[in-house]
Amino acid sequence: MRRFLTTLMLSTALAGPLAAQEARVDGTVAEVFGRQAIITAPEGRILVALPDGVAAPAPGTRVELRGTRSGDSFAATALNIAGVAPTGAGEVALPVEMRGLGLTEVRTRTERGRRGEREIDIHARMPGGGWLLAEIRDGRLVEVKTDGTAMPQPLVERLLPAGIRGDRSFAGLTRITDIDIDRDGEIEVKGLDEAGMRIEIEYAPGGAMISFERERDDRRSLPVATARARLNELGYRQIGFVDRTGRHNRALATNTYGEWVEVRLDEQGRVDRERRWDR
């Protein structure tokens, strides 16, 4: 308790008598007290109230926090994990379905969705070297996408009921790249078959198949490997998840200022949009 009060007094002295204002804190989690944490930052140790609905990161986790600072307090509205300690600290920030998969280079972003619900995006490298992007909405994992690499089998088994995994049509998927679970329980699965054909299957909440589509991959956007090379040529670094749609590629990377951004390339490899990922 004495250490807690000392830290609080230190954070008060650092903050000073300031009016509430938007601020950002980058540092390392030193201690956690329920919904508060002590962050060791370049300006000293700061007492931070964590965002609602976000699991407290473990000590040793590098974090980026945005929020408001008023006098002796910092109220965080968004938390982004910038790095995870080698001991595996920070895994507590992952939903239960994604734990124990050996994910590394985990980054998260928290924001409000269009309906006001809390959304958390998780960007991580898979053990085999590919990348995934997951979305949590109001505490529920609703979608996981990979960059074309096969989704880890343990994750597939946790997200899909046995009835779906035993479906004859589902068995034709040799590489699963996207699982989307609707609010009402409908599940959409996307991937490729052994011939490289794109497959999309929708299932009802009870597991009955609603629709099945199989088509040739004739997308005009750049192949993922080509898009990565092009982003590198344009000066982007730490290129992680790269998505491929019909006419665009979407990627997460750092720009020339070292900021994490979401970049969109057109079919000719030109940047037609860039925005801060931790906005």
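Among the residues of segment 134-173, those that are crowded, with 20+ Cβ neighbours inside 10 Å and within 17 Å of ARG244 (Cβ to Cβ) comprise VAL144, THR146, ASP147, MET151.
Cβ separations smaller than 9 Å between residues 6+ apart or across chains give the following pairs from segment 43-54 residues that are of a type in the set (Gly, Ala, Ser) to residues that are part of a loop (DSSP other than H, G, I, E, B): ALA49/ARG35; GLY53/ASP138; GLY53/GLY139.
Within this structure, LEU65 fails the test of being farther than 21 Å from ALA30 by Cβ and at pLDDT 75 or above.
In the condition set (1) out of contact with any Lys or Arg (no Cβ under 9 Å at 6 or more places or on another chain); (2) surrounded by 11 or more Cβ atoms within 10 Å (Cβ to Cβ), SER211 is compliant with all but (2).
Of all positions in segment 19-35, none carries a residue that is outside any strand (DSSP E or B), modelled with pLDDT under 70 and not aliphatic (A, V, I, L, M). For segment 193-208, the criterion of being under 20 Å from SER221 (Cβ atoms), crowded, with 17+ Cβ neighbours inside 10 Å and more than 17 Å from the chain's Cα centre (by Cα) is met by at least one residue.
Of the residues ARG237, ARG250, ARG270, ARG244, which single one is within 25 Å of ALA134 (Cβ to Cβ) and loosely packed, with under 12 Cβ neighbours inside 10 Å?
Numbers: ARG250 fails: loosely packed, with under 12 Cβ neighbours inside 10 Å; ARG270 fails: within 25 Å of ALA134 (Cβ to Cβ); ARG244 fails: loosely packed, with under 12 Cβ neighbours inside 10 Å.
None of the other options fit; the residue is ARG237.
Restricting attention to segment 227-279, the residues that are closer than 24 Å to ALA23 by Cβ and small (Gly, Ala, Ser) add up to 1. Given the condition surrounded by fewer than 19 Cβ atoms within 10 Å (Cβ to Cβ), within 10 Å of the chain's Cα centre (by Cα) and either within 18 Å of ASN80 (Cβ to Cβ) or not assigned by TED's automatic domain parsing to the domain that holds THR245 (or both), answer yes or no: does some residue in segment 107-116 qualify? Within segment 107-116, none of the residues are surrounded by fewer than 19 Cβ atoms within 10 Å (Cβ to Cβ), within 10 Å of the chain's Cα centre (by Cα) and either within 18 Å of ASN80 (Cβ to Cβ) or not assigned by TED's automatic domain parsing to the domain that holds THR245 (or both).
The values are calculated or read from the model by the stated rules, or taken from the named source; none is laboratory data. On a predicted model such as this, the values are computed, not experimentally measured, just so you know. Glycine gets a Cβ as well: all are built from the backbone with ideal geometry, and neighbour counts include every protein chain shown.
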